[in-house]
Amino acid sequence: MIRILITATNTNIGKTYTTLKLIDAFSSLGYRVGVMKPIETGVNDKPLDATLLLTAIKKVNPDFKMMQIRDICPIQFTQPAAPFVAKGREKIDFKSLKHAQKKLERYCDILLIESAGGLMTPVEDNFIMRDFIDFFDATPLLISDDQLGCINNTLLNLSILPKDTLWCINKKSFDGSFESVSLPYFHAKFEKVLTVQNDIKEIVNSLLLPSQG
């Protein structure tokens, strides 16, 4: 079982967008892909991100056609805030998350787990989003954006992630500023800079390497 936790330098960076790309890319290689959004906040009628993920996964994995939204997104809160705040006096039911994980893994080879917010987003008193890496025994994939400040945000996030964590840029602006303002540093600091838009196949192959070794 391959588990990949998709996280990001902040909220609204492109976790869902990237997860949808990964669903298609892994499926095209013949893998049975599953998806999970453990916690979603800001939910009114339905969890928007989880609904997009469930719709996409049902198209490529027939075994997920029987899944309901609560199967892939067990914990939902109305307030659009960090889970620690949105839950109020409730306690996060971590057992329900483990139960959901085990259920979903019966129907997939690769489980894509989309976190909420950024790595330091608080979930419980002594639990942040970064802790889901160990909780699910997952390989992290860090998504950064291409806005001014992405150098600082990327380096800060990588500093609290396992060594050699794979990361990539979600190009959102397309105004050319990233290439002149931030990319020169990334090229000097890192051997290669991957983007979701141009390098999804390479990202997928890199994520598969641990399982192929």
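Throughout, read-outs are computed from the coordinates displayed, never taken from laboratory work. Treat the numbers as computed from the prediction; the structure is a model and nothing was measured. Using ideal geometry, Cβ is built from the backbone for each residue, glycine included, and neighbour counts are taken over all protein chains shown.
Shape verdict for region 73-154, please, from the Cα gyration tensor: rounded (a/c under 1.5), prolate (a/b greater than b/c) or oblate. It comes out oblate by the Cα gyration axes. Among 156-164, 181-189, sorting by the average number of other beta carbon atoms lying within 10 angstrom of each residue, highest first, gives 181-189, 156-164. Once the Cα atoms of helix 15-28 and of the chain are each reduced to a long axis, what angle between those two axes, in degrees from 0 to 90 to the nearest 10, is obtained? With both axes taken from Cα atoms, the answer is about 90 degrees. Comparing mean-square fluctuations of ASN126, ASN44, ASN152 from a GNM of the chain with C-alpha springs under 10 Å, the top value falls on ASN126.
Label zone (THR195, point 7 Å along Cα-to-C-beta; backbone nitrogen cut-off 20 Å) within region 160-175: 166-175. Site pair HIS187 and PHE84 shows an inter-label distance of 4.0 nm when each label is modelled 7 Å from Cα along Cα→Cβ. Short to long, the 5 Å bins of the Cα pair-distance histogram for the chain hold 1, 7, 16, 20, 20, 17, 11, 6, 2, 0 percent of all pairs. Counting pairwise Cα distances across region 116-213, what percent come out greater than 24 angstrom? Tail fraction, whole percent: 27. For LEU5, the residues whose amide H sits under 5 Å from its own are ILE113, THR139, LEU141, ignoring neighbours fewer than 5 places away on the same chain, with H placed 1.01 Å from N. On the principal axes of its alpha carbon atoms, region 11-58 extends 35, 22, 14 Å, with the longest extent given first. Helices in the chain, meaning DSSP H runs of at least 4 residues, each add -39500 (n - 2.57). Divided by all residues, the mean residue ellipticity at 222 nm is -11000 deg cm²/dmol.
For LYS58, a cut-off of 30 angstrom between C-alpha atoms picks up these lysines, skipping any fewer than 8 places away in its own chain: LYS15, LYS21, LYS37, LYS46, LYS87, LYS95, LYS98, LYS102, LYS103, LYS171, LYS172, LYS201.
Relative to the longest principal axis of the Cα atoms of the chain, the long axis of helix 94-105 makes an angle of roughly 80 degrees. Shape descriptor for region 1-96: Rg over Rh equals 0.97 (Cα atoms; Rh from the Kirkwood inverse mean 1/r).
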